Amino acid sequence: MEKKEITPEEIEKVREKVRLNALKNLRSEKLVGLATAYFVSDDNNYGEYDNSAVEEFLYFPALSSQSPITNLETGKQGDLVMSSLVGSRQDGKRYSGQASEYGIINKAAQILQQSIAPIKVEDILKLVGSKIDASKIKESYKEKYISELLQSEDEKTSKFAKELVSTYSQYLVTQGVAKSHTLRTNQIRGGLEKVLTD
């Protein structure tokens with residue numbers, strides 16, 4: 001039996017499907033919150049104050065409710081915490097797992113990192129809330145998947161792609177820490193209002 005040749009259109013259709021699934025992961029507040037907890041805990045630039053804010057306002061809320069993840073290939077939705085617990089079972093035996101908090105946030109960070117490569121350069125602008133029109137993107141990056149740029153034989157292009165991934169990851173972490181501090185500030189203000197007013 002002759003193997004059917006895959007057309008460029010079919011390849012592009014699959015790439016777009018994976019891209020849309022990756023965007024679901026990158027837009028998942030709970031997943032980003034868990035990944036932020038990993039990055040902050042694993043980076044010496046963040047101190048106890050940052051870590052405690054992320055724990056209270058991102059990590060705990062993500063654990064106490066569903067933390068959705070999307071399989072990049074199939075698009076199947078799952079829950080990160082549940083899949084980590086069940087996936088840690090020994091020989092498939094119920095309740096035998098040894099999932100750890102660190103393992104869960106590490107997995108979240110891996111899923112987040114894996115979800116960056118299948119998206120396009122203009123997706124990053126949208127994800128960071130940029131108002132810049134996609135038509136203004138440099139011609140050499142327009143409509144390009146980040147994975148294409150990462151795999152480029154041109155050293156300058158692949159280096160740029162690595163920096164883009166790193167900078168976007170840094171943006172997510174910085175945004176998560178800032179959000180945690182904003183929520184903590186609001187909590188303190190609310191407490192002050194409560195004790196100082198009738």
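The numbers here are math on the coordinates, done by the rules we state, and not lab data. Nothing here was measured: the structure is a model prediction, and the numbers come from that model. Ideal geometry is used to build each Cβ from the backbone, glycine not excepted, and the neighbour counts take in all protein chains shown.
Using only Cα atoms, tell me the angle between helix 101-114 and the longest principal axis of the chain; keep it within 0 to 90° and round to the nearest 10.
Orientation of helix 101-114: about 40 degrees from the principal axis.
At what distance in nm do the modelled label points of Q114 and E73 sit from each other, each positioned 7 Å from its Cα along Cα→Cβ?
Taking the two extended label points, one gets 1.0 nm.
When only Cα pairs under 8 Å and 6 or more residues apart are kept, what is the percent relative contact order across the range 74-198?
Numbers: 68 pairs, mean separation 18.8, N = 125.
Relative contact order of the range 74-198: 15 percent.
Dipole of the range 8-196, Cα-centred, from +1 at each Lys and Arg C-beta and -1 at each Asp and Glu C-beta, to the nearest 20 debye?
On the way: 26 positive and 26 negative charges, 99 e Å.
About 480 debye.
Could you grab the Rg to Rh ratio for the range 77-182? Cα atoms only, Kirkwood for Rh.
Numbers: Rg = 17.9 Å, Rh = 16.3 Å.
Computed over Cα atoms, the ratio is 1.10.
Taking every pair of Cα atoms in the range 123-198, average 1/r, invert it to obtain the Kirkwood radius, and report Rg/Rh to two decimals.
Details: Rg = 19.7 Å, Rh = 15.5 Å.
On the Cα set of the range 123-198, Rg over Rh gives 1.28.
Grab the DSSP H runs of the chain that are 4 residues or longer, score each as -39,500 (n - 2.57), total them, divide by all residues and round the 222 nm result to the nearest 500 deg cm²/dmol. Before the final figure, lay out each step's value.
Numbers: 9 runs with 120 residues, N = 198.
Dividing the helical sum by the residues of the chain leaves -19500 deg cm²/dmol.
Quick check: the angle from helix 155-196's long axis to the longest principal axis of the chain, C-alpha only, nearest 10 degrees?
The two axes meet at around 20 degrees.
Quote the FRET efficiency, to the nearest 0.05, computed for F60 versus R89 with a Förster distance R0 of 35 Å and r equal to the Cβ-Cβ distance.
Details: r = 25 Å, r/R0 = 0.70.
Computed FRET efficiency for F60 and R89 comes out at 0.90.
Rounding to the nearest 10 and keeping the result within 0 to 90°, find how far the Cα-based axis of helix 8-27 lies from the longest principal axis of the chain.
10 degrees
Which three extents, in whole angstrom, do the alpha-carbon atoms of the range 1-92 cover along their principal axes, largest first?
Largest first, the range 1-92 extends 62, 35, 23 Å along its Cα principal axes.
Tell me the Kirkwood hydrodynamic radius of the chain in angstroms, computed as one over the mean inverse distance between distinct C-alpha pairs. Please report the intermediate quantities before stating the final value.
On the way: mean 1/r = 0.0526 Å⁻¹.
Answer for the chain: a Kirkwood hydrodynamic radius of 19.0 Å.
Can you tell me the length gained on complete extension of the stretch D154 to E29, counting 0.36 nm per residue apart and subtracting the Cα distance?
Numbers: separation 125, 0.36 × 125 = 45.00 nm, distance 3.47 nm.
Computed gain between D154 and E29 is 41.5 nm.
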